[in-house]
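First comes the structure, then the notes that go with it.
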Amino acid sequence: MHEIAIAKKVVDDVEKKVKGATVKSVYLILGELAPVTPEELRQGIAKFRGWTVNIKTEDAVVSCTCDYKGRPNIVERAHDIVVWECPVCKQYYPEVISGDSIKIEKVVTE
């Protein structure tokens, strides 16, 4: 049920951004290492609001102690967890530079 809490935070952030305007649709950027899938996020937001939700994904970038900087290998994705590793040295959880968050790209209001 973590996706509900994440969706509620997105809804709150969008409503704070529009300051009382009626939201028709929202455009989000979802990092591939975020702990929710696009469908889980879309369904979670639908529990709170009838907005059209558009989601595009963003590739992650990590920095490893072996000097690799780039996209990680995703080893496993479960309901609320993402496991990633460096594709060069196989170290788990190299430092994330980007691609682990949810960003509000655009909000369309009436």
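The values are calculated or read from the model by the stated rules, or taken from the named source; none is laboratory data. Because the structure is a prediction, the values reported are computed rather than measured. Glycine also receives a Cβ, built like all others from the backbone with ideal geometry; neighbour counts cover every protein chain displayed.
Which residues, taken from segment 10-21, are exposed (fewer than 14 other Cβ atoms within 10 Å of the Cβ) and free of Cβ contacts under 8 Å to residues at least 24 places away in the same chain?
D12, K16, K19, G20
Yes/no matrix, rows are residues, columns are (1) of a type outside the set (G, A, S); (2) in contact with a Ser or Thr (Cβ under 8 Å, 6 or more places away or on another chain):
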{"position": "V11", "(1), (2)": "yes, no"}
{"position": "K19", "(1), (2)": "yes, no"}
{"position": "K24", "(1), (2)": "yes, yes"}
{"position": "A34", "(1), (2)": "no, yes"}
{"position": "E40", "(1), (2)": "yes, no"}
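Would you call I55 more than 20 Å from K103 (Cβ to Cβ) and either surrounded by fewer than 18 Cβ atoms within 10 Å (Cβ to Cβ) or not polar (S, T, N, Q) (or both)?
no
Please tell me if Y92 is touching a strand residue (DSSP E or B) at 6+ places or on another chain (Cβ under 8 Å) and surrounded by 13 or more Cβ atoms within 10 Å (Cβ to Cβ).
Working: touching a strand residue (DSSP E or B) at 6+ places or on another chain (Cβ under 8 Å): yes; surrounded by 13 or more Cβ atoms within 10 Å (Cβ to Cβ): no.
Answer is no for this residue.
Out of C64, C86, report the one residue that is touching a Phe, Trp or Tyr at 6+ places or on another chain (Cβ under 8 Å) and surrounded by 14 or more Cβ atoms within 10 Å (Cβ to Cβ). Lay out the reasoning, then the answer.
Details: C64 fails: touching a Phe, Trp or Tyr at 6+ places or on another chain (Cβ under 8 Å).
The unique qualifying residue is C86.
Quick check on my filter: what residues within segment 22-65 are in contact (Cβ under 8 Å) with a residue 60 or more places away in the chain, farther than 30 Å from C89 by Cβ and in contact with a Lys or Arg (Cβ under 8 Å, 6 or more places away or on another chain)? Show your work before the answer.
Taking segment 22-65 and keeping what is in contact (Cβ under 8 Å) with a residue 60 or more places away in the chain, we get 22-34, 36, 41.
From what's left, farther than 30 Å from C89 by Cβ: 22-28, 41.
Of everything in segment 22-65, those that are in contact (Cβ under 8 Å) with a residue 60 or more places away in the chain, farther than 30 Å from C89 by Cβ and in contact with a Lys or Arg (Cβ under 8 Å, 6 or more places away or on another chain) turn out to be V23, V26, Y27, L28.
Confirm whether E105 is in contact (Cβ under 8 Å) with a residue 60 or more places away in the chain, within 17 Å of I6 (Cα to Cα) and surrounded by fewer than 17 Cβ atoms within 10 Å (Cβ to Cβ). Before the answer, list the steps.
On the way: in contact (Cβ under 8 Å) with a residue 60 or more places away in the chain: yes; within 17 Å of I6 (Cα to Cα): yes; surrounded by fewer than 17 Cβ atoms within 10 Å (Cβ to Cβ): yes.
Spelling it out, E105 is indeed in contact (Cβ under 8 Å) with a residue 60 or more places away in the chain, within 17 Å of I6 (Cα to Cα) and surrounded by fewer than 17 Cβ atoms within 10 Å (Cβ to Cβ).
Being of a type in the set (D, E) and modelled with pLDDT of 95 or more is the requirement here; does E85 meet it? So that I can check it myself, show each step before the final result.
Numbers: of a type in the set (D, E): yes; modelled with pLDDT of 95 or more: yes.
Taking the combined requirement at face value, the residue satisfies it.
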